[in-house]
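No lab work stands behind these numbers, since they all come straight from the coordinates. Here the structure is a predicted model, which is why all the values come from computation and not from measurement. No Cβ is skipped: glycine too gets one built from the backbone with ideal geometry, and neighbour counts run over all protein chains shown.
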Amino acid sequence: MHGANLGTLLRTCDAVGACLAAPPFPWVDEALARGNTLWQPTCVHRVSDPARWLGAERAGGARIVGVELADEAVRLADLPAARGRTVIVLGHERTGIPPEALDLLDGAVEIPMVGTGMSLNVAVAGSLVLYKLAGLL
């Protein structure tokens, strides 16, 4: 919902040695620049068709994990560190992961919340999952 979240998430990707795949929306460049204060180039993949890209990643052996409320979702505390190439799918803060991407998930992780909010913003949720998968939490 807020462009700066994408740049903030890019900083976390850099911190854990991950890349960020971003769709080709016109606002992406500005969003990455606003939240990213790193001085060095960072790893960003431009993905013109996210569902096709996810399918190709999965076919290539990557595990696809969505951050989503789902019956079969693993709680963040129980998520093991990644043992191979893993792609995290983050959806819109209000509408979640689009149905075409949900169909490509190998699993889901949920972040428990006790407050009144329905979800965390994408930068916070993504950062928590990235650190957990990297084995740093």
| said: Every residue in region 4-20 that is touching a Leu at 6+ places or on another chain (Cβ under 9 Å), aliphatic (A, V, I, L, M) and either within 14 Å of VAL47 (Cβ to Cβ) or assigned to a helix (DSSP H, G or I) (or both), please. | reply: LEU6, LEU9, LEU10, ALA15, VAL16, LEU20
| said: Can you tell me how many residues within region 82-96 are closer than 19 Å to GLY60 by Cα and either of a type in the set (Lys, Arg) or surrounded by fewer than 16 Cβ atoms within 10 Å (Cβ to Cβ) (or both)? | reply: 3
| task | Considering each residue of region 97-132, count those that are over 24 Å from GLY55 (Cα atoms), more than 12 Å from the chain's Cα centre (by Cα) and crowded, with 18+ Cβ neighbours inside 10 Å, and give that number. | result | 2
| remark: Checking GLU93, GLU110 in turn, the sole residue that is among the charged types (D, E, K, R), farther than 18 Å from CYS13 by Cα and touching a strand residue (DSSP E or B) at 6+ places or on another chain (Cβ under 7 Å) turns out to be GLU110
| task | Could you grab me the full set of residues in region 1-33 that are of a type outside the set (A, V, I, L, M, F, W, C) and surrounded by fewer than 20 Cβ atoms within 10 Å (Cβ to Cβ)? | result | HIS2, GLY3, ARG11, THR12, ASP14, GLY17, PRO23, PRO24, PRO26, ASP29, GLU30
